[in-house]
Amino acid sequence: MRVLRRAAAMVALMLGAVGMQVVQGGAAQAALPTAAVVLGDSFVSGEGAGDYQPVVDASGTAQAFPGWSAANSNAYFCHRSANASLFKASLPGIQDRFNLACSGGQPADIANPSSARAKGRSVASQLDQLRAVAQTHDIDVVLIGLGSNNTQFTFGDVAELCANRFIADAWTGWWEFWAYLNGDVPQEPCTVSDLATDPEVVTATTETTAALRQVLDTLAQIDADGVHQVVLQTYTNPLPLDVATQYRDEDSRTDTRDKFRALGAERYAAGCPIHRASLAPGHMFSQNLGTLVKNAYTTLAAERPAADLRVLDVQKAFDGARLCENPGSPTGVLATPVRVQDGPSGTPITSLSGWDKIGIQRLANTCVTYFQTCQESWHPNAAGHTVLGQCLTGALTAAPRTIVTCARNANGTLTIS
């Protein structure tokens, strides 16, 4: 009997060596190729990194670039980049990689078609897309970036709010503001409560946790061998806590003065059209997003102590290389500058010098009507995604069920701890 058991074990080893799996009943099947997948929103889809790939829409049609004046609901504008961090990470043993994330993705999009909500895109639920991958692959790595968009607030709305207040303040004098605009265009710096209140963060955490729970439940049902690593990534702020000295005043005007067009144009060109006083609240917002993800992790890790689940905290991954943090911005930074177009032309405006407030309003309206003309703004660029890929590599080699921090050092190296 012992000899028979040894013989059976030897057969199993031989089948494994040639890519076969032994299954109950004695049947054998080919081992599925291994896969890494990414789910979530723009910070993991590759928004800002260029080289966007066609995206299969809800009808099963692959959508390539549809033109700048197309509806923003087009699946292509998920902006799934070949330069996204998942494709830049070193993942030994992984044969194929799948980007299922979508720019603007919300927790509801995990289990439901994105088109089921306002401003969603025409793509199937991310879980349905995940199930399709599991039909042909053994899913071993799952990267998830979720939480910056939800029913309470979205990253795009937050960024738009603060940038628009700065631009309005820079180009509109107080007398124009009251005489022609009736004082109804906010021009003051953003505060923490403008971006996300504590109750809003609590609700967003609940939504995100529920969506992540659905992902884990689905993986338990569909993963070929039941073994997979799940990484929950936080967010990093594209802007510094303060701008470099050269961006603080122009023509003896700071952003605390009435109308400062030269300074406004200078900061726009550098990629950071925002009040200095808005920077600290912006970082508090980013920290709240990080806390949101960590709290979701804490809940899920307690529920599933055997799960290989971890947090990748990247809030410090762009330290020293943020927009306007150093002279010469946006050269050498890890995030995309704010850029708009004058109509859906495909040509980004890189300088606002000489523009009047009527022209500025036209640019703002273009962003509202054709969001794809400005949606890359303030996201990790290709270099930034390379850094995030290195962070992911480090997170996957860490001990299970931990919070892994990835921080950029002054010399550009990363410390992962």
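The values are calculated or read from the model by the stated rules, or taken from the named source; none is laboratory data. As the structure is a computational prediction, the values presented were derived from the model and not from experiment. We place every Cβ from the backbone using ideal geometry, glycine too, and count neighbours over all the protein chains shown.
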**Request:** Starting from region 53-78, keep only residues that are farther than 13 Å from Cys102 by Cβ, then list their pairs with residues that are assigned to a loop (DSSP other than H, G, I, E, B) and hydrophobic (A, V, I, L, M, F, W, C) whose Cβ atoms are within a distance under 6 Å, requiring at least 6 positions of separation or different chains.
**Result:** Pro54/Ala64
**Given (1) surrounded by fewer than 22 Cβ atoms within 10 Å (Cβ to Cβ); (2) in contact (Cβ under 8 Å) with a residue 60 or more places away in the chain; (3) not aromatic (Phe, Trp, Tyr), number of the condition Ala280 does not satisfy** = (2)
**Prompt:** Which residues, counting only those in region 83-127, are hydrophobic (A, V, I, L, M, F, W, C) and farther than 16 Å from Tyr52 by Cα?
**Reply:** Ala89, Leu91, Ile94, Ala108, Ile110, Ala111, Ala116, Ala118, Ala124, Leu127
**Message:** Could you tell me how many of the residues in region 395-413 are of a type outside the set (S, T, N, Q), out of contact with any Asp or Glu (no Cβ under 8 Å at 6 or more places or on another chain), touching a residue at least 60 places away in the same chain (Cβ under 8 Å) and within 20 Å of Lys294 (Cβ to Cβ)?
**Reply:** 3
**Message:** I need the helices (runs of 4 or more DSSP H) fully contained in region 147-250, keeping only those with at least 1 residues that are out of contact with any strand residue (DSSP E or B) (no Cβ under 8 Å at 6 or more places or on another chain) and at pLDDT below 95.
**Reply:** 155-171, 174-180, 192-195
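Of all the residues that make up region 89-109, how many are outside any loop (DSSP other than H, G, I, E, B) and more than 15 Å from the chain's Cα centre (by Cα)?
Filtering region 89-109 down to residues outside any loop (DSSP other than H, G, I, E, B) leaves 96-99, 108-109.
Checking the rest, the ones that are also more than 15 Å from the chain's Cα centre (by Cα) come to 96-98, 108.
The qualifying residues number 4.
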**Message:** Here is a check on your reading of the model: is Arg401 of a type in the set (D, E, K, R), more than 16 Å from Glu47 (Cβ to Cβ), modelled with pLDDT under 95 and under 23 Å from the mean Cα position of the chain (by Cα)?
**Reply:** yes
**Complete:** Scanning region 124-167 for residues that are under 29 Å from Pro199 (Cα atoms), hydrophobic (A, V, I, L, M, F, W, C), free of Cβ contacts under 8 Å to residues at least 60 places away in the same chain and out of contact with any Asp or Glu (no Cβ under 9 Å at 6 or more places or on another chain) gives none
**Request:** Find the residue count for region 299-330, including only residues that are over 21 Å from the mean Cα position of the chain (by Cα) and either over 23 Å from Thr245 (Cα atoms) or of a type in the set (Ser, Thr, Tyr) (or both).
**Result:** 11
**Message:** Tell me yes or no: at least one residue of region 116-126 is farther than 23 Å from Gly156 by Cβ and buried (at least 19 other Cβ atoms within 10 Å of the Cβ).
**Reply:** no
**Request:** Sort through Gln341, Gln315, Gln375, Gln390 and tell me the only one that's under 15 Å from Ala49 (Cα atoms), in contact (Cβ under 8 Å) with a residue 24 or more places away in the chain, in the same structural domain as Arg213 (by TED's automatic domain parsing) and surrounded by 14 or more Cβ atoms within 10 Å (Cβ to Cβ).
**Result:** Gln375
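Could you list all residues from region 324-351 that are part of a loop (DSSP other than H, G, I, E, B), closer than 27 Å to Ile403 by Cβ and of a type outside the set (Val, Ile, Thr)?
Quick first cut of region 324-351, residues part of a loop (DSSP other than H, G, I, E, B) only: 324-334, 336-339, 342-347, 350-351.
Next, only the ones that are closer than 27 Å to Ile403 by Cβ stay: 325, 333-334.
Glu325, Leu334 - these are the residues of region 324-351 that are part of a loop (DSSP other than H, G, I, E, B), closer than 27 Å to Ile403 by Cβ and of a type outside the set (Val, Ile, Thr).
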